Every structure is written in C-alpha cells, then in structure tokens.
Amino acid sequence: MNLVTISGPPSSGKTAVILKAAENLKKRGLKVGAVKFDCLHTDDDLAYEKAGIPVKKGLSGSLCPDHYFVSNIEAVAAWGMEEGFDLLVSESAGLCNRCSPYIKEIKAVCVIDNLSGINTPRKIGPMLRMADIVVITKGDIVSQAEREVFAAGVYAVNPGAVIMHVNGLTGQGAYELSTLLFDERTKLDTLKGKKLRFSMPSALCSYCLGETRIGESYQMGNVRKMDIKNN
Amino acid sequence: MTQREILQQSPQALIEKYPFLSAFFEGQHWMSKLNPEQSLADLFALIDDEHAEDHAFDVQDFINQLMDFIAEMKVFIGNETFQVHQLSILPGTNKSGEPEGFEKLVFEPRTITSIVGPTGSGKSRLLADIEWVAQGDTPTQRRILINEELPDNAWRFSGNRKLVAQLSQNMNFVMDLTVREFLELHAKSRMVTDSGDLIKRIISAANELAGEKFSPDTAITALSGGQSRALMIADTALLSQSPVVLIDEIENAGIDRKKALEILTGEDKIVLMATHDPLLALMADQRIVIKNGGIHRVIKTSAEERTLLSELEQADLKQQQMRTALRSGAVLQRDMYL
Ligand SMILES: Nc1nc2c(ncn2[C@@H]2O[C@H](COP(=O)(O)OP(=O)(O)O)[C@@H](O)[C@H]2O)c(=O)[nH]1
Ligand SMILES: [Mg+2]
Ligand SMILES: [Zn+2]
Ligand SMILES: [Zn+2]
C-alpha cells in the first residue's frame, strides 16, 4: 500500500483535488481509501463515500488535531492494509500551521489556493516548507500573472518541492498529480518506528487539559507570556 | 559555493550577491528577529532548542534548501536550454485507441494555431499534455518534444518554469493593488530588476488594446472587463515566463482581438487559441481539429480561407462603423460604408 498525507488550509481544495485524483487512479483499477482528520466536524466523509471511496473519520475534539493525527495514523494505516487499498490518502485540515504532521518517507502534499493571498506562502510555515508536493488550486479564477506571482512565492519557500497547478472543479492537472501519488514500487507494511519530519510543539498547559478559568493562578505547565511592554 | 563558504556569509551579503534570495529569506521566520548582517554560522549559534522547535527549524534542512535554491536559480537565469525555439507533438491515440491523424505537429514562436472541436472532445487534455510535457505517460500516449529533444524534467516539476500560460474568459484580478504595483510585483517574482520601462510598455500596449485608457494608478479590481483582459494579455505577452500562451475564446467586446494576437506573437510566443469564431480561427496559421479525444486533422489555413478572412474582417469593420454611427445619432445609408 501507498500512504500519502495531504494537508492544507481549510477550503483550499483538498477534498476536491483528492476526489479528482482518485477518479484517475480508479480508472487504472487501483483501490483508493481515505481518512479525514478534523477538529469538531466534517462532511468530507460523505463526499468520499458518495464517490465510492471507503473512508474513516477522526475528530480530535478538544485535542490538537495534529497530535491526534499522530496518535491514530498507525491504526488507520493498518486498516487500509487490511482493506487491501493500493493507496490510502489522509486528509487533514491544517488548522495549526506549525504542527502539520508529516512523516519521514511518507509522501506529503500541501494544498494551497490562489485566492488565499500573496503572502500566504510565507506565512504558512512547515506545512508548506516541508511538503514534497505542493498543489496550487483555484487558478481558474485568477489572472495568469497572479498565478505566476503566487507560484513564485511558493517556490521561494519550498524550492525543492514539485509544484503543480490542479483545478479541483474541472480536474485539470489531477491526472498528472495522480501519477505522483501512487508508486508501484512503494510497499508500506507498517508505520511503526517511522518518524515525524519535525517534532510537534509540546503544548501542554492547563488549558490543554480542560481548564476554563482565566487568571494567573490557574495557569500551569507550559505557559508562555507576551511581552506587552516591548511589543 | 560550498556549504562551508555559505556558512561564512550573512543573509544580507547573500542577497546582495543573489537578489533572488530576498524572497527565500522572507519566508524564514526563525530569522525574523535576528540581525541579517551576521554570518549564518553566527546566527545558527544564537538559536536555542525552544526557538528551533517553535519554527520547526533544522540547520541541515535549511542549508540544503538554500543551496538547492541557489543552484536551481542559477540554472534558470539566462539559460539557453530554457529558450523554446520549437515545440512539437508526436501522435498518440484517441479515446477509441485509434492513432491520431498527423505525423508530427510543430509549433513555432510567432505562429498561431487554432483549436476547434466540440466541448469535451479533448481540448483540455491536449493542453494538459503540453503543460505536463507528456512522454507517452498520459491517457493519449502523446509525446512532446522541445527544440526537437526530450525535454528537461524541470518543465514538468519546477514551480518556477511552466510551459503554458493561460488566458481565459472567467479570469479576474483579485489582488488589491494598483496597476503599477501589480506589474512591479509580477516583475519582481520573475527576478526582473529595473522594471520601469517594461511596465510602461505593458500599460501602453494594454491601452492600445482596450480603447478606453487607464492610468498606472488605477486599482486593478476597478478596471472594466475589456481593460482587465487587455492588461492580462499585455502582461502575459511581455512578462510571463511561459513560451506558450493558450487563449480560451476571446470575447469580441471591449478589446481589439487582432492586435492582441499581434502583441503575443510579436513577443515570440507560441499562440494556441481555442475558438469557433471564424474571424479568429482563420487568423491562425494552422488549425487543429479535435474529435473523440484525439487530434483528427491538422489543417493549414488555405489561400481561399485567407481571402474569406479579409471579407469577414471588412464586414466586421462595417458593422462596427455602423454601430458607432448609430450611437452618434446618424441615419445609415447603403453606400456610406465600404
Ligand atoms: N473555482 C475553483 N473552486 C475550487 C477549486 N478547488 C476546489 N474548489 C472549491 O473550493 C471549495 C472548498 O473545496 P474543498 O475540497 O472542500 O476544500 P478542503 O476544505 O481543503 O477539503 C469547494 O466549494 C470546491 O468546489 C478550483 O480549482 N477552482
Ligand atoms: Mg476537505
Ligand atoms: Zn498544533
Ligand atoms: Zn494549551
């Protein structure tokens, strides 16, 4: 089985792009499954089901969605292998730009859209900088010049990545992307022992653990203060 | 430069040497509060574990990316191998697996090829094959050659080089900038330094296309439909990196289409144009007929078609003159317009 992790800001087109790419893989007789990680709510599982793609969903609730991802991806991968998928795609909303849990030796795709603003590539951090493939969507809406400026911004942040333009509505570029997502030679047996590409912040303060009261005396653990005077 | 040499340099010195690095360093959040005049080695020494963790910063990853970036940019800037003198397609098959109806399809700079065929017949696939520089590895099995050779992989994978620029009906400007700021930004992303003259040329070319003139200080989102399209075309002609321009139908309203094509071909572009308007289709040097997912036929525009075109153009002109006359309150007469 191949495993690919796909992340990106909410509404950047992740689901749309995955569905279009999966369509092309299914035409080749390959079996594709999906898992969606999110915080509180998602309807993406319905979209995958409707397209005939077996799907699991994980909602992290009060936990950091990316920490939740790492704690669960191994079991999900095992499910995928049991089901006999050729490709398992994990979609996670990049809610926390810092965490974005990419795993070493597992292909990482970041989806980002042309409408998100010219400074977005610079702001987005490791989720973009550490991806193997960057997919840029919604090029149909903006001008050629804006596409070029945006792609140059992405390139400056992650010069080593494959950068592709995919249209999530028409599927233009999705065939090409699909050829990069699945590689016959890749055979994943287990995720056990694999490592994250970078550590996640150890964000454990009293609020992580359910504290609701505001005030100095309730704050424990990993607490960090703004420097208001010299800000 | 070796890794050792790079470590001795400060970000500022590196940017002076390679101006294209400014965009790269702007994306390096871990540096944002540090002094860019210090050498990288000294900067690294200032970073503690917590700082590194906050920014998911890893020294070796950073150096690798920086070195890759410099190496790639050096390859791109002013490199002959990225000049396209010729693009050609070797045939594949249509949706039924039958071979396509041509031997070798050649596109040269300064020429126009129109693409005709019903929607869904395979126009997007053709475009995608070119963009992906297909090597028999797409559903059509076509192969694309650049300068009669197997193309460099960078055409396919680099975010910085794309073979095809696209102009289509439903494109808008979405940035909140004036025309001048916008063009400066585009020029900067292309590493064009000293873009003042170029920007002037783009604006005057756009104004020639659009009829109603706009100034460099107009917000791009405030341009009329015709003005936006004119600016997009002039910008693509003069500032886009891509040697091939695909136009998806140009509406007749608000812009001089013949001049638009002249500007593009004048800048050495290979122009592909999907259209069913005879006025445009016959302006092309050749046209591709697409059927059932494949290229069915390639037709050189004949002498007779060229004559037809000039008749059509005259009729078109006549209509435009009559429209102008009507607008100004004239009574039309049969022999007024030739
Ligand atoms: N115009 C346009 N819309 C797109 C494109 N890709 C996705 N969308 C739309 O953007 C919205 C968000 O897409 P979705 O895939 O749900 O984003 P996700 O939250 O990242 O999974 C949907 O309405 C899509 O139809 C694209 O390339 N062009
Ligand atoms: Mg989604
Ligand atoms: Zn997080
Ligand atoms: Zn917390």
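Structural remarks
- Every residue from the range A:16-44 that is in contact with a Lys or Arg (Cβ under 8 Å, 6 or more places away or on another chain) and over 24 Å from A:THR190 (Cα atoms): A:THR42, A:ASP44
- For the range A:59-73, the set of residues classified as crowded, with 20+ Cβ neighbours inside 10 Å and within 14 Å of ligand 2 (Cβ to nearest atom) consists of A:PRO65 only.
- A:ASP66 meets the conditions (1) within 16 Å of ligand 3 (Cβ to nearest atom); (2) farther than 25 Å from A:THR179 by Cβ; (3) more than 14 Å from chain B (Cβ to nearest Cβ) in every case but one. The failed one is (3).
- Residue that is farthest from the other protein chains (Cβ to nearest Cβ), among those in the range B:147-170 that are among the aliphatic types (A, V, I, L, M) and within 13 Å of the chain's Cα centre (by Cα): B:LEU163
- Filter result for A:ASP66 (within 16 Å of ligand 4 (Cβ to nearest atom) and either assigned to a helix (DSSP H, G or I) or modelled with pLDDT of 95 or more (or both)): yes
- Residue count, the range A:42-54 (criterion: more than 12 Å from ligand 1 (Cβ to nearest atom) and more than 16 Å from A:LYS20 (Cβ to Cβ)): 2
- Scanning the range B:171-184 for residues that are more than 7 Å from chain A (Cβ to nearest Cβ) and not in a helix (DSSP H, G or I) yields a count of 3.
- Matching residues in the range A:1-17 - criterion: being outside any loop (DSSP other than H, G, I, E, B) and more than 8 Å from ligand 1 (Cβ to nearest atom): A:ASN2, A:LEU3, A:VAL4, A:THR5, A:ILE6, A:SER7
- Every residue from the range A:31-43 that is of a type in the set (D, E, K, R), within 16 Å of ligand 2 (Cβ to nearest atom) and touching a residue at least 40 places away in the same chain (Cβ under 8 Å): A:LYS36, A:ASP38
- Residue within the range A:77-92 that is assigned to a strand (DSSP E or B), touching a Pro at 6+ places or on another chain (Cβ under 8 Å), in contact (Cβ under 8 Å) with a residue 60 or more places away in the chain and under 23 Å from A:HIS165 (Cβ atoms) present: yes
Yes or no, residue by residue, for (1) at pLDDT below 90; (2) surrounded by fewer than 24 Cβ atoms within 10 Å (Cβ to Cβ); (3) at the interface with chain B (Cβ under 7 Å from one of its Cβ atoms):
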{"site": "A:ASN97", "(1), (2), (3)": "yes, yes, no"}
{"site": "A:LYS104", "(1), (2), (3)": "yes, yes, no"}
{"site": "A:CYS110", "(1), (2), (3)": "no, no, no"}
{"site": "A:ILE118", "(1), (2), (3)": "yes, yes, yes"}
{"site": "A:LYS123", "(1), (2), (3)": "yes, yes, no"}
{"site": "A:LEU128", "(1), (2), (3)": "no, no, no"}
{"site": "A:ILE133", "(1), (2), (3)": "no, yes, no"}
{"site": "A:ILE136", "(1), (2), (3)": "no, no, no"}
{"site": "A:GLN144", "(1), (2), (3)": "no, no, yes"}
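- For the range B:159-168, a residue qualifies if it is crowded, with 20+ Cβ neighbours inside 10 Å and of a type in the set (Gly, Ala, Ser), and the qualifying residues are B:GLY159, B:ALA165.
- If you check B:GLY136, B:GLY97 for being surrounded by fewer than 17 Cβ atoms within 10 Å (Cβ to Cβ), within 13 Å of chain A (Cβ to nearest Cβ) and out of contact with any helix residue (DSSP H, G or I) (no Cβ under 9 Å at 6 or more places or on another chain), only one passes: B:GLY136.
- If the condition is being outside any helix (DSSP H, G or I) and surrounded by 18 or more Cβ atoms within 10 Å (Cβ to Cβ), then the range A:163-190 contributes A:ILE163, A:MET164, A:HIS165, A:VAL166, A:ASN167, A:GLY168, A:GLY171, A:GLN172, A:GLY173, A:PHE182.
- Pairing residues of the range A:182-202 that are away from every other protein chain (no Cβ under 13 Å) with residues that are more than 16 Å from ligand 3 (Cβ to nearest atom) and among the basic types (Lys, Arg), at Cβ distances under 8 Å and at least 6 apart in sequence or on separate chains, gives A:LYS194/A:LYS104.
- Single match in B:ILE89, B:ILE144, B:ILE112, B:ILE130 (criterion: at pLDDT 95 or above, within 16 Å of B:ILE290 (Cα to Cα) and either within 14 Å of another protein chain (Cβ to nearest Cβ) or surrounded by 21 or more Cβ atoms within 10 Å (Cβ to Cβ) (or both)): B:ILE89
- Single match in B:ASP277, B:ASP235, B:ASP316, B:ASP335 (criterion: surrounded by fewer than 21 Cβ atoms within 10 Å (Cβ to Cβ) and touching a helix residue (DSSP H, G or I) at 6+ places or on another chain (Cβ under 8 Å)): B:ASP316
- In the range A:15-30, residue farthest from ligand 2 (Cβ to nearest atom) [restricted to those that are buried (at least 20 other Cβ atoms within 10 Å of the Cβ) and not aliphatic (A, V, I, L, M)]: A:ASN24
- B:GLN60 within 14 Å of chain A (Cβ to nearest Cβ), closer than 18 Å to B:GLN9 by Cβ and surrounded by fewer than 12 Cβ atoms within 10 Å (Cβ to Cβ): yes
- Condition broken by A:SER60, with the remaining ones in (1) within 14 Å of ligand 1 (Cβ to nearest atom); (2) more than 14 Å from the chain's Cα centre (by Cα) satisfied: (1)
- Lone unmet requirement of (1) crowded, with 20+ Cβ neighbours inside 10 Å; (2) within 15 Å of ligand 2 (Cβ to nearest atom); (3) away from chain B (no Cβ under 14 Å) for A:GLY80: (2)
- Given (1) away from every other protein chain (no Cβ under 14 Å); (2) touching a residue at least 40 places away in the same chain (Cβ under 8 Å), number of the condition B:GLY226 does not satisfy: (2)
The values are calculated or read from the model by the stated rules, or taken from the named source; none is laboratory data. Fair warning: this is a prediction, and the values are worked out from it, not measured in the lab. Using ideal geometry, Cβ is built from the backbone for each residue, glycine included, and neighbour counts are taken over all protein chains shown.
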